[in-house]
Amino acid sequence: MRIVLLGLVAIVIASCSISSTPDDKIVTECPNIVLILADDMGFSDIGCYGSEITTPNIDALAADGIRFTQFYNTARCCPTRASLMTGLHPHQTGIGHMTNPPTNPNRYNGWEEAYQGYLNRNCVTVAEVLKDAGYHTYMTGKWHLGYHDKSRWPLQRGFEKYYGCIPGACSYFWPHGDRGLTYMNEHVPAPDSTKYYTTDAFTDYAIQFIDEQEDENPFFLYLAYNAPHWPLHAKQEDIEKFVGKYMNGWDEARKNRLKKQIELGLFNDEMKLSERDSRVRAWEEVPDSQKVLSDYRMAVYAAQVFCLDYNVGKLVDKLKADGKYENTLILFLSDNGGCAEMYDEFGSKPQSWINRASYGGAVSYGIGWANTSNTPFFEYKVHVNEGGISTPLIAHWPKVIKDQVGTFNRQPAYLIDIAPTLYEIAGADYPETYHSGNNIHRLEGISLFQRFEKQMGAEHEYMFWEHQNNSAIRKGNWKALKGVDEKKWQLFNIAEDRIESNNLADQHPDLVKELNDKWYEWAETKKVLPKQVNVEQKITK
């Protein structure tokens with residue numbers, strides 16, 4: 001048993017074993033856990049991190065909780081989900097690159113084991129561990145951790161109930177075919193596209209799963225939205241709230257967001273904007289006709305974020321109505337930085353593809369608005385620059401987070417820290433073997449619970465990233481990174497230069513060598529290598 005003293009209140013939060021009373025009613029002191037993951041949402045896309053987009057419900061969680069200013073993901077959808085669900089680096093789980101897409105079950109055949117394209121059996125999911133600790137385990141939304149065999153699906157990886165899209169990206173209005181919907185362990189018919197919207201449906205099923213629970217055991221809910229990932233699909237009434245609000249363009253929007261971030265206290269007044277992407281024109285150079293089209297694209301994107309926030313509020317209202325709100329830990333974050341795909345100024349694909357019911361591929365909002373999403377940082381999803389890996393993280397838990405309500409936690413942390421945090425909170429045992437005796441990798445993360453208690457907690461000596469040959473390592477305030485086509489490491493002092501504008505590698509050769517050696521040591525032990533030279537060759541085949 002572990003007692004946490006908060007003022008004059010003592011709360012039992014560990015070893016919270018499930019016990020039966022004489023009347024067989026299950027009782028527990030353990031908190032419920034709600035883990036909310038946004039998809040392709042940039043660092044500054046919610047109001048409490050600087051956005052002009054209206055997000056009152058998420059902002060309220062931040063106002064009554066903790067905002068992390070230096071929390072990192074892994075730069076891409078499914079590797080992030082792999083780390084989030086396991087507390088391991090994605091390569092250790094078998095998803096060092098991506099999962100096998102619905103149309104190509106053999107895409108990663110012949111690749112090294114770290115790149116097999118689905119979760120292996122040398123890892124356990126948060127759902128598996130918490131289920132063994134007495135938690136109910138529910139999931140709705142985007143799985144993206146293995147598709148082509150049911151052994152890779154949520155119910156076979158610890159979840160009791162599931163509703164959502166197994167393969168990843170899908171239409172918001174009409175998920176169908178090989179990117180259709182699954183309930184429990186079965187594919188279900190495509191919905192009526194005139195009445196359906198994924199963000200609403202994922203929340204409704206999450207609430208339904210809570211309603212269907214018949215005992216008082218705690219639950220773990222993983223709500224993995226597909227918003228605001230492309231395609232640009234939003235409800236018309238939501239879009240109308242934002243049309244015309246972006247006619248001043250991305251340059252002005254970035255300035256306004258940074259100004260708000262400084263006013264909020266997220267950054268100090270010395271923070272600067274990264275340079276505009278060279279592939280994007282200054283807004284005054286954009287023809288008026290294109291400005292109208294681009295304003296509309298950003299309005300649709302904003303509407304997707306707005307609807308996500310509305311649904312977070314709907315879930316919070318449910319927790320309050322059931323009397324579960326005070327003892328529920330809610331974590332909110334994004335899987336990677338804003339997405340610049342398909343890497344042109346305006347977002348690719350014809351304007352007519354926006355809001356058509358079919359999947360429609362990557363009709364998106366373009367590099368200029370992705371740059372805005374990641375304010376003040378540079379680069380995007382896939383890259384390991386700050387713009388690719390920085391995420392908002394909000395922790396909200398009224399019963400425990402009291403002395404730090406509305407504060408910022410400025411210590412670095414990353415995805416592998418979430419699982420051990422939840423295990424400590426739940427008093428759950430992490431196994432050495434699982435899945436019929438398979439050896440399980442030891443946890444790589446550090447619990448963040450101390451930061452909930454007293455703000456400061458343990459930190460990693462080194463933090464590591466690799467995705468698609470983009471590599472990075474951080475030690476203290478120093479971060480070295482190397483892009484896919486680069487031979488030499490760049491070095492930045494993140495405390496002074498988080499926009500990564502001043503490469504100090506030539507001034508600190510000994511430090512660069514240390515970080516290089518540590519990164520390659522990590523890469524060897526986590527089986528990142530010997531993939532380095534052949535990923536792009538295999539992807540293009």
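The values are calculated or read from the model by the stated rules, or taken from the named source; none is laboratory data. Predicted model only: the values in this text are computed from it and were never measured. Counting neighbours? That spans all protein chains shown, and the Cβs are built from the backbone with ideal geometry, glycine included. Each accessible area value is taken on the protein alone, full model and side chains, heavy atoms only, with ligands, DNA and RNA left out. Shrake-Rupley method; radii C 1.70, N 1.55, O 1.52, S 1.80 Å.
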Review point. Quick check: is even one residue across the stretch 267-286 surrounded by fewer than 17 Cβ atoms within 10 Å (Cβ to Cβ), aliphatic (A, V, I, L, M) and without any contact (Cβ under 8 Å) to a residue 40 or more places away in the chain?
Key: yes
Practice item. Give the stretch 426-441 a look and list any residue that's open to solvent by 10 Å² or more (accessible area, probe 1.4 Å), at negative phi and either of a type in the set (S, T, N, Q) or in contact (Cβ under 8 Å) with a residue 40 or more places away in the chain (or both), or say none. Key: Ala428, Asp429, Tyr430, Pro431, Thr433, Tyr434, Asn438, Asn439, Ile440, His441
Check your understanding: Which residue out of Gly180, Gly164, Gly168 is surrounded by fewer than 22 Cβ atoms within 10 Å (Cβ to Cβ), of a type in the set (Gly, Ala, Ser), within 30 Å of Gly366 (Cα to Cα) and in contact with a helix residue (DSSP H, G or I) (Cβ under 7 Å, 6 or more places away or on another chain)?
Key -> Gly168
Point to revise | Residue in the stretch 108-122 that is touching a strand residue (DSSP E or B) at 6+ places or on another chain (Cβ under 7 Å), open to solvent by 10 Å² or more (accessible area, probe 1.4 Å) and over 30 Å from Asp309 (Cβ atoms) present | key: yes
Exercise for review: State which residue is farthest from Gln261 (Cα to Cα) when the search covers only the stretch 395-425 and only residues that are among the polar types (S, T, N, Q) and crowded, with 16+ Cβ neighbours inside 10 Å.
Suggested key: Thr421
Review point. What is the one condition in (1) farther than 25 Å from Lys255 by Cβ; (2) under 18 Å from the mean Cα position of the chain (by Cα) that Asp322 does not satisfy?
Key: (2)
Exercise for review: Within the stretch 214-249, track down each residue that is more than 24 Å from Gly361 (Cα to Cα) and either in contact with a His (Cβ under 6 Å, 6 or more places away or on another chain) or in a helix (DSSP H, G or I) (or both).
Suggested key: Asn217, Phe219, Gly249
**Study point:** Check on Gln455, modelled with pLDDT under 95, open to solvent by 20 Å² or more (accessible area, probe 1.4 Å) and either out of contact with any Phe, Trp or Tyr (no Cβ under 7 Å at 6 or more places or on another chain) or among the hydrophobic types (A, V, I, L, M, F, W, C) (or both)
**Key:** yes
Review point. Of a type in the set (Ser, Thr, Tyr), open to solvent by 10 Å² or more (accessible area, probe 1.4 Å) and under 30 Å from Phe449 (Cβ atoms) - does that describe any residue in the stretch 293-302?
Key: no
Practice item. For Lys349, indicate whether it is in a helix (DSSP H, G or I) and either out of contact with any helix residue (DSSP H, G or I) (no Cβ under 8 Å at 6 or more places or on another chain) or modelled with pLDDT of 95 or more (or both). Key: no
